[in-house]
Amino acid sequence: MRYALSLGLGLALLGSAPPALAHAELLRAIPQPGSAIPTSPSEVRLQFSEGIEGRFSGVEVAGSNGKRIATGRAHIQGTALVVPITAPLPPGVYRVNWHVLSVDSHKTQGSFTFEVRP
């Protein structure tokens, strides 16, 4: 009887455990991945599903030739990672490469392109 009671209590406690935290997922980006925009963006903004560690996260923007674009220092705004574009981008295709460390210590990375097309 004690065993059954202990087993039942243990299962009840397991069933009420909070869900495990997941990786920070990219929810949306500005500019939108795959988009064509008429003017150069002033920043790249990446919105994630959970908090991220700014010291261990980053964004790189590169032209179609692979050359890095000059950007300002990336910073955190809530669950967003924001990097200012320091000079207007000429027409062309750009790749955004990002990596983040979520507050629950999971690493995530990805990339997408956008085009400046006046």
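The values are calculated or read from the model by the stated rules, or taken from the named source; none is laboratory data. The model shown is predicted, which means the values in this text are computed figures rather than measured ones. Note: accessible area is taken over every heavy atom of the protein model, side chains too, but ligands, DNA and RNA are not part of it. Shrake-Rupley method; radii C 1.70, N 1.55, O 1.52, S 1.80 Å.
Data for the structure
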read-out	value
Fully extended contour minus Cα-Cα distance, from Lys67 to Glu53, at 0.36 nm per residue	2.4 nm
Rounded to the nearest 10 Å², the accessible area of Arg95 at probe 1.4 Å	100 Å²
Relative contact order for the stretch 27-118, counting Cα pairs under 8 Å that sit 6 or more residues apart, in percent	36 percent
Cα-based Rg of the stretch 15-100 normalised by 2.2 N^0.38 Å, two decimals	1.24
